[in-house]
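J.: Okay, here's the structure, questions in a sec.
The values are calculated or read from the model by the stated rules, or taken from the named source; none is laboratory data. As the structure is a computational prediction, the values presented were derived from the model and not from experiment. Note that each Cβ is placed from the backbone with ideal geometry, even for glycine, and that neighbours are counted across all protein chains shown.
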Amino acid sequence: MEYCSTRDRAYHKSAAEVILQGISSEGGLFIPRQIPALGDLLEQLRGADYRTVARAVMGLYLTDFTAAEVADCVAAAYDDLSFPEGAAPMSALGEEMSMLELWHGPTCAFKDMALQMLPVLMSASNKKVGDGKEIVILVATSGDTGKAALEGFKDVPGTQIAVFYPEEGVSHMQKRQMMTQEGQNVQVFGVKGNFDDCQTGVKAIFTDPAATQAFLDAGKRFSSANSINWGRLLPQVVYYVYAYLQQVEQGRVQMGQPVNFVVPTGNFGNILAAYLAGEMGLPVGKLICASNQNCVLTEFLQTGRYDRNRPFYTTISPSMDILISSNLERLIYLLSGGDDALVRRLYGQLAKDGTFTVDGALLERLRAQFAAGCATDDETADTIRAVFERYGYLCDTHTAVAVKVYRDYCRDTGDTTPTVVVSTASPYKFAGSVLAALGERCPDDDFAVLDALQAVSGVPVPAPLAALQGKKDRFTTVCAPADMLAAVRAALGV
Ligand SMILES: *Cc1c(COP(=O)(O)O)cnc(C)c1O
């Protein structure tokens, strides 16, 4: 299995190399030169547990790893301590719809599915093809990614991680999650600025030759944990295969019959993993892409026109507040049959004008595989309440966007294919918005909100969030955007 870049097919890199490198030097994203087929594996995996499916599926892509190395990575990432209720439990709501819950990990959001795995993959890759230097992960976060990366990299040998969050720009619970972070190799900094300031600051460090050299001299190499790393995408393919097998197991489909997936989407990583699973031969029906009011993808998948020149809305599903969906580049590459020249042209236009258009056969293929829709905050809140009243099931704001879009899809198409809604966060992670959606008054204190939601819903507060209550703040440093490099240098003694 070899990998190339979406903007340059000339590369023949190994999985370990692309996981360690993150992004290709000309700005493209790494992608397998050929998507492996599941073949008989699907039948063989009937009834298998999550870790078995993970070993089999990831093994197809990690051909430069031994079976024992893949097994070690899987065991380290999806252990019972991190996922006490299983990695991806599924519950049925009525006849057609099943909820695939991907938030039973340490930070209560689906980012754990990938960020529990990426650090072990990186560390194994570093052993294989690295130069013996320690990896220093720098993360700018608007909330979910930072915490999930901290939990993933915590105490992983050969790695250090520093996370920057906008001091005033994350939720109370997210701030608490990060300020109380444990681990010997972690650093957390508040930044006096917004998320863009954090991101710009991190990019400035990555591209500062003097800083890079100073860290290299100290035996350390910068890397990134953001969602364009192949090592974050690959683990996400696993749960689509697992979910399909669960549907078969629960008698909702016969082996070989299609299942639709509805995915609450921001950076297009999660839904792209579903597409990859389909390309491997998983019987995938429609992929339904759900957006909030930032509906740049809805427009693209319906018309072929991607246009980021539009207002940015802050919504109650903040992890989907995004106008540049990076992983879409991989889809365009794959749908065009690996046309790296086309990808270069389209992404050149996007960088220059903020927009591009696809048409003809490519648009037809896009429409054949994907459906898309969006939801306003009011519609999202109404859906949370309606789902709770009808099924007694509590969903978070992001998942509610998906349910709303699925309802519209069924109304418009009459499609009755069994469907899995991908649930991306615990309702307690966005407890204030969920409580308000249920028509309840929201208390001021963070933990009173959790208790109130538990009282109304009867669903217990997840242990990792409840445990924050007794924890002392450990990281209280706040720096100006211009001082981010100095802060990392001081913390790591470089
Ligand atoms: C990150 C995130 C998403 C969006 O996922 P992408 O892979 O970026 O499309 C959706 N919901 C939640 C809760 C998230 O944290």
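J.: For the stretch 53-90, name all the residues that are surrounded by fewer than 16 Cβ atoms within 10 Å (Cβ to Cβ) and not in a loop (DSSP other than H, G, I, E, B).
T.: If the condition is that a residue be surrounded by fewer than 16 Cβ atoms within 10 Å (Cβ to Cβ) and not in a loop (DSSP other than H, G, I, E, B), then Ala67, Ala68, Asp72, Ala75 are the ones that fit.
J.: Follow-up. Every residue in the stretch 148-162 that is surrounded by 24 or more Cβ atoms within 10 Å (Cβ to Cβ) and in contact with a Phe, Trp or Tyr (Cβ under 6 Å, 6 or more places away or on another chain), please.
T.: Residue satisfying the conditions is Ile161 alone.
J.: I would also like to ask the following. Go through the stretch 387-406 and give me each residue that's within 12 Å of the ligand (Cβ to nearest atom) and more than 27 Å from Gly256 (Cβ to Cβ).
T.: Looking only at the stretch 387-406, we keep the residues that are within 12 Å of the ligand (Cβ to nearest atom), and these are 395-402.
Selection gives Cys395, Asp396, Thr397, His398, Thr399, Ala400, Val401.
J.: Within the stretch 81-130, track down each residue that is out of contact with any helix residue (DSSP H, G or I) (no Cβ under 8 Å at 6 or more places or on another chain), under 18 Å from Gln160 (Cα atoms) and small (Gly, Ala, Ser).
T.: Ser123, the sole residue that qualifies.
J.: From the list Gly348, Gly360, which one is surrounded by fewer than 17 Cβ atoms within 10 Å (Cβ to Cβ), more than 26 Å from the chain's Cα centre (by Cα), more than 29 Å from Ser317 (Cβ to Cβ) and of a type in the set (Gly, Ala, Ser)?
T.: Gly360
J.: Among (1) away from the ligand (no atom under 13 Å from the Cβ); (2) touching a residue at least 60 places away in the same chain (Cβ under 8 Å); (3) surrounded by 21 or more Cβ atoms within 10 Å (Cβ to Cβ), there is one condition Tyr275 misses while meeting the rest; what is its number?
T.: (1)
J.: In the stretch 171-191, is there at least one residue being small (Gly, Ala, Ser) and assigned to a helix (DSSP H, G or I)? Step through it out loud before you land on a result.
T.: Narrowing the stretch 171-191 to residues small (Gly, Ala, Ser): 171, 183, 190.
Right, trim to assigned to a helix (DSSP H, G or I) and you get none.
Scanning the stretch 171-191 turns up no residue that is small (Gly, Ala, Ser) and assigned to a helix (DSSP H, G or I).
J.: Which ones in the stretch 385-411 are within 22 Å of the chain's Cα centre (by Cα) and closer than 24 Å to Lys286 by Cα?
T.: First, the residues of the stretch 385-411 that are within 22 Å of the chain's Cα centre (by Cα): 394-406.
If the condition is that a residue be within 22 Å of the chain's Cα centre (by Cα) and closer than 24 Å to Lys286 by Cα, then Cys395, Asp396, Thr397, His398, Thr399, Ala400, Val401, Ala402, Val403, Lys404, Val405, Tyr406 are the ones that fit.
J.: Arg367: among the basic types (Lys, Arg), under 14 Å from Leu29 (Cβ atoms), part of a helix (DSSP H, G or I) and under 25 Å from the mean Cα position of the chain (by Cα), yes or no?
T.: Numbers: among the basic types (Lys, Arg): yes; under 14 Å from Leu29 (Cβ atoms): no; part of a helix (DSSP H, G or I): yes; under 25 Å from the mean Cα position of the chain (by Cα): yes.
When the stated conditions are applied, Arg367 does not pass them.
J.: So which residues in the stretch 310-333 are more than 16 Å from the ligand (Cβ to nearest atom) and either modelled with pLDDT of 95 or more or charged (D, E, K, R) (or both)? Reasoning before the result, please.
T.: Filtering the stretch 310-333 down to residues more than 16 Å from the ligand (Cβ to nearest atom) leaves 310-311, 333.
Passing the criteria: Arg310, Tyr333.
J.: Going through Cys395, Cys442 one at a time, which residue ends up being part of a loop (DSSP other than H, G, I, E, B) and in contact with a Leu (Cβ under 6 Å, 6 or more places away or on another chain)?
T.: On the way: Cys395 fails: in contact with a Leu (Cβ under 6 Å, 6 or more places away or on another chain).
Residue meeting the stated conditions: Cys442.
J.: Let me ask another. Can you tell me which residue among Gly354, Gly414 is over 24 Å from the mean Cα position of the chain (by Cα) and farther than 23 Å from Gly143 by Cα? Before the answer, list the steps.
T.: Numbers: Gly354 fails: over 24 Å from the mean Cα position of the chain (by Cα).
Answer to the selection: Gly414.
J.: Also, quick follow-up: I'm trying to understand the selection: among the residues of the stretch 112-145, which are at pLDDT 95 or above, assigned to a helix (DSSP H, G or I) and within 16 Å of the ligand (Cβ to nearest atom)?
T.: Across the stretch 112-145, the qualifying residues are Asp112, Met113, Ala114, Leu115, Leu118.
J.: Mind listing just one residue for me: the one in the stretch 485-494 that is out of contact with any Cys (no Cβ under 8 Å at 6 or more places or on another chain) and surrounded by 17 or more Cβ atoms within 10 Å (Cβ to Cβ) and, of those, farthest from Ala204 (Cα to Cα)? Explain how you work it out, then say what you get.
T.: The initial filter retains those residues of the stretch 485-494 that are out of contact with any Cys (no Cβ under 8 Å at 6 or more places or on another chain), namely 485, 488-494.
Filter again for surrounded by 17 or more Cβ atoms within 10 Å (Cβ to Cβ), leaving 485, 488.
Numbers: Leu485: 9, Val488: 13 Å.
Here the residue is Val488.
J.: Separate question: Can you pull out every residue in the stretch 407-418 that is within 25 Å of Gly256 (Cα to Cα), part of a helix (DSSP H, G or I) and in contact with a Gly (Cβ under 8 Å, 6 or more places away or on another chain)?
T.: Tyr409
J.: Related question: Out of the stretch 328-363, which residues are part of a loop (DSSP other than H, G, I, E, B), farther than 14 Å from Phe300 by Cβ and not charged (D, E, K, R)?
T.: At the first step, the residues of the stretch 328-363 found to be part of a loop (DSSP other than H, G, I, E, B) are 336-339, 354, 358-359.
Next cut, farther than 14 Å from Phe300 by Cβ only: 336-339.
Of everything in the stretch 328-363, those that are part of a loop (DSSP other than H, G, I, E, B), farther than 14 Å from Phe300 by Cβ and not charged (D, E, K, R) turn out to be Ser336, Gly337, Gly338.
J.: For residues that are in contact (Cβ under 8 Å) with a residue 60 or more places away in the chain, over 14 Å from Ser98 (Cβ atoms) and within 13 Å of the ligand (Cβ to nearest atom), tally how many sit in the stretch 247-268.
T.: 4
J.: Let me ask something additional. Which ones in the stretch 419-437 are assigned to a helix (DSSP H, G or I) and either more than 9 Å from the ligand (Cβ to nearest atom) or free of Cβ contacts under 8 Å to residues at least 60 places away in the same chain (or both)?
T.: Restricting attention to the stretch 419-437, the residues satisfying the condition of being assigned to a helix (DSSP H, G or I) are 427-437.
Those that are assigned to a helix (DSSP H, G or I) and either more than 9 Å from the ligand (Cβ to nearest atom) or free of Cβ contacts under 8 Å to residues at least 60 places away in the same chain (or both): Pro427, Tyr428, Ala431, Gly432, Ser433, Val434, Leu435, Ala436, Ala437.
J.: Any residue at all in the stretch 411-418 that's closer than 28 Å to Arg252 by Cα, out of contact with any Phe, Trp or Tyr (no Cβ under 9 Å at 6 or more places or on another chain), among the basic types (Lys, Arg) and more than 15 Å from the ligand (Cβ to nearest atom)? Give the steps one after another, and end with the answer.
T.: From the stretch 411-418, those closer than 28 Å to Arg252 by Cα are 411-418; that's our starting set.
Subsequent filtering for residues that are out of contact with any Phe, Trp or Tyr (no Cβ under 9 Å at 6 or more places or on another chain) retains 411-414, 416-418.
The next check asks that each one be among the basic types (Lys, Arg); those that pass are 411.
Now restrict to residues that are more than 15 Å from the ligand (Cβ to nearest atom): 411.
Checked the stretch 411-418: at least one residue is closer than 28 Å to Arg252 by Cα, out of contact with any Phe, Trp or Tyr (no Cβ under 9 Å at 6 or more places or on another chain), among the basic types (Lys, Arg) and more than 15 Å from the ligand (Cβ to nearest atom).
J.: Any residue that is in contact with a Cys (Cβ under 8 Å, 6 or more places away or on another chain) and within 16 Å of Thr145 (Cβ to Cβ) - is there at least one of those in the stretch 232-246?
T.: To start, the set of residues in the stretch 232-246 that are in contact with a Cys (Cβ under 8 Å, 6 or more places away or on another chain) comprises none.
No; the residues of the stretch 232-246 include none that is in contact with a Cys (Cβ under 8 Å, 6 or more places away or on another chain) and within 16 Å of Thr145 (Cβ to Cβ).
J.: Identify, by number, the condition in (1) part of a helix (DSSP H, G or I); (2) away from the ligand (no atom under 15 Å from the Cβ) that Ile384 doesn't meet.
T.: (2)
J.: Still on this structure, please answer the following. Any residue in the stretch 382-405 that is on the phi > 0 side of the Ramachandran plot sitting within a Cβ distance under 6 Å of a residue that is away from the ligand (no atom under 13 Å from the Cβ) and not in a helix (DSSP H, G or I)? List the pairs, counting only those 6 or more apart or interchain.
T.: none
J.: Something else: Exactly one condition in (1) touching a Ser or Thr at 6+ places or on another chain (Cβ under 9 Å); (2) closer than 13 Å to Phe370 by Cα; (3) within 15 Å of the ligand (Cβ to nearest atom) is not met by Lys286; state its number.
T.: (3)
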